[in-house]
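Reading through the structure tokens given below for one structure.
Quick note: the coordinates plus some simple rules give every number you see, no bench work behind them. Note that the structure is a prediction, hence the values are computed from the model and not measured. Here Cβ is always computed from backbone atoms with ideal geometry, including for glycine, and neighbour counts include all displayed protein chains.
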Amino acid sequence: MLLRQIERFLRETQMPWTKFGRLAARDPRFVADLRNGREPRQQTSVRVERFMDAYLAGVRDGGRHAL
């Protein structure tokens with residue numbers, strides 16, 4: 001489930017949920033809406049998952065490729 005992945009990402013990175021929403025989905029209320037039952041479109045889910053993967057890859061590379 002996407003929300004579980006996002007919650008884990010937020011804990012691991014200590015990123016505020018509003019910042020995550022702005023960067024990953026162009027919507028600062030994205031995480032709050034998911035927590036309240038919103039179901040994202042497939043395209044949005046893919047974009048968010050790619051954002052998390054790219055961000056974590058950048059962190060693992062020592063920040064050289066972090067967004």
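Data table
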{"quantity": "Sequence-separation-based contact order of region 2-60, relative, with Cα cut under 8 Å and 6+ spacing, percent", "calculated": "28 percent"}
{"quantity": "Helix-only [θ]222 nm of the chain, DSSP H runs n ≥ 4, -39500 (n - 2.57) each, per residue, nearest 500", "calculated": "-21000 deg cm²/dmol"}
{"quantity": "Kirkwood Rh in Å, taken over all unlike Cα pairs in the chain", "calculated": "12.0 Å"}
{"quantity": "Check: the chain dipole with +1 on Lys, Arg Cβ and -1 on Asp, Glu Cβ, in debye", "calculated": "120 debye"}
